[in-house]
1. As a quick test, which of the pairs 110/186; 27/62; 62/101; 40/110; 348/453 have an alpha carbon distance above 20 angstrom in this structure?
2. How far apart, in nm, are two points set 7 Å out from the Cα along the Cα-to-Cβ line at residue 384 and at residue 434?
3. How long is the gain from residue 351 to residue 251 if the chain were fully straight, where each residue apart is worth 0.36 nm and the alpha carbon distance is subtracted?
4. Looking at the chain, send over the antiparallel percent of its DSSP beta bridges, to the nearest 5.
5. Estimate the FRET efficiency between residue 138 and residue 232 by the formula 1/(1 + (r/R0)^6), using the beta-carbon distance for r and 25 Å for R0, to the nearest 0.05.
6. Which of the helices in the chain, when you take each full DSSP H run, stretch at least 24 Å along the axis at their Cα atoms and have an average Kyte-Doolittle score of -1.0 or higher?
7. If I model a spin label at residue 460 and residue 26 as a point 7 Å from the Cα along the Cα→Cβ vector, what separation in nanometres do I get?
8. Return the ratio Rg/(2.2 N^0.38 Å) for region 30-140, where Rg is computed over Cα atoms only.
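Quick note: the coordinates plus some simple rules give every number you see, no bench work behind them. Keep in mind that this is a model prediction, so the values were computed, not measured. As a convention, Cβ positions derive from the backbone with ideal geometry for all residues, glycine included, and neighbour counts pool all protein chains shown.
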Amino acid sequence: MMDLLDDPVEGVNSPEFSVTELSGAIKRVIEGEFSHVRIKGEVGRVSRPRSGHIYLDLKDDKSVINGVIWKGVAGRLQTQPEEGMEVVATGRVTTFGGQSKYQIVIEDIKPAGMGALMALLEKRKTMLSAEGLFEEARKRPLPYLPEVIGVVTSPSGAVIRDILHRLRDRFPRKVLIWPVAVQGAKCAPEVVRAIEGFNALKIGGAMPRPDLLIVARGGGSVEDLWGFNEESVARAAAASNIPLISAVGHETDTTLIDFVSDKRAPTPTAAAELAVPVRIELMAWLDQQSARMTTSLSGGLQRRSQRLRDLSRALPRLETLLDGPRQRLDTTGARLGPALMSGVQRRKVRLSEAAGGLRPAAMQRMIENERRRLDALSARMGPALERCVSIDQRRQAVSAMAQRVADAGQQRVDAARNKIEAMDRLRLTLGYEATLSRGYAVVRGDGDVVTTKKAAGKAQELEIQFADGRIVVGGKAAPARRAAPKPTDQGSLF
């Protein structure tokens with residue numbers, strides 16, 4: 001170190017240094033002695049200024065040493081330092097003369113063994129679980145048969161080939177691949193961007209939006225899978241609006257994304273099996289269901305056909321239903337002619353008797369009698385109607401009987417109607433008024449009809465009725481009288 005000395009002072013053996021010279025000498029000594037060291041400690045204060053460098057403290061129970069990670073190194077780290085993490089930092093010890101400090105320039109930093117990683121993982125799990133991101137109620141069901149499947153994985157690994165091969169074997173679907181780094185410092189941010197990018201696609205856009213996402217990676221150590229334990233990845237998976245299957249590592253590997261995803265698959269191949277059903281099995285199931293449906297329909301039709309045949313055998317035949325009404329109609333038709341003749345005769349006699357006894361006083365008495373009789377009948381009608389069958393039931397019974405008789409007896413009814421009309425014309429022809437128009441006359445003596453010469457000789461006065469009026473024998477002709485109106489209410493011939 002004699003090159004650092006100025007001119008020696010007589011009697012002084014100690015060399016004289018400037019502050020910068022001494023600081024530089026210390027720097028060279030420290031960097032020479034500790035050119036490459038590994039330090040184990042707990043991460044204390046962590047500072048990330050806008051420059052991209054990371055400043056932190058490494059401490060144990062007695063001492064603290066400052067550390068710095070330059071921007072270029074910080075971007076390549078697989079594990080980002082967090083406060084409270086126990087790590088092993090690799091780098092070189094140097095000094096910072098501007099503040100008389102020594103520090104370690106960290107070139108690599110890793111958790112101090114599995115225990116530290118597991119402690120950090122448990123800490124994150126507890127935090128996310130407290131927020132409810134692991135709840136089963138918030139997880140969405142997977143679509144049964146997605147049209148488009150988005151896969152977030154490395155494009156060059158065996159994982160994507162396994163997934164595509166399995167999908168092709170089971171049920172070919174459209175697959176969109178978003179290439180990402182599956183380990184290292186770039187893993188977490190690229191996976192986050194992939195999940196958010198798939199969710200940002202618009203439905204019906206130029207790029208189809210996936211119906212299902214698969215985040216996949218092969219097996220590896222905890223350090224290799226650590227990117228899927230990052231909080232940002234877990235939150236992105238939980239916020240995904242598209243159902244997501246996590247297939248990270250093997251069945252024994254567990255990462256944070258497994259807890260927040262809608263479904264966890266033990267392997268990437270199993271994820272493809274969860275994503276789609278087996279096409280052949282689905283087609284076989286559909287064929288089986290179609291056969292069952294056809295068999296069920298055929299059996300149902302056969303049972304109903306047999307039931308219909310059984311019921312039809314229990315019903316009476318149409319011919320037997322019409323036999324009774326047809327016979328009654330024939331009997332009634334046979335009796336109709338004589339009954340009409342007899343009715344016409346009886347009515348003719350009653351008409352003659354009534355015509356002879358028509359007087360105003362008699363008619364008035366008869367009207368009064370009929371009115372009293374009608375009043376008595378009307379008083380009895382209400383209770384009688386209550387005891388009788390209701391009008392609707394009788395109407396239904398009559399309608400049913402009419403429907404049964406109508407088709408079979410239409411011709412016979414028409415024939416009977418023609419006979420009745422002929423008999424009515426015959427009745428008119430046989431009436432005495434029609435007889436008068438043919439030149440006959442009715443002789444009455446003292447108000448009674450005279451049918452013999454002896455009765456005419458006894459009568460004091462004879463009245464002869466012609467078709468156009470009446471005349472009294474022995475006096476002048478009586479004025480013509482209007483013929484009495486023919487009675488129109490003769491009742492029903494039935």
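1. Numbers: 110/186 16 Å; 27/62 24 Å; 62/101 18 Å; 40/110 10 Å; 348/453 24 Å.
In this structure, 27/62; 348/453 lie more than 20 Å apart at Cα.
2. It works out to 3.6 nm between the two label points.
3. Computed gain between residue 351 and residue 251 is 24.3 nm.
4. Working: 37 of 57 bridges.
So the antiparallel bridges amount to about 65 percent of the total.
5. For residue 138 and residue 232, the calculated efficiency is 0.85.
6. Those that pass (Cα extent of 24 Å or more, hydropathy at least -1.0) are 113-130, 279-314, 318-356, 360-387, 391-430.
7. So the label points at residue 460 and residue 26 sit 18.2 nm apart.
8. 1.28
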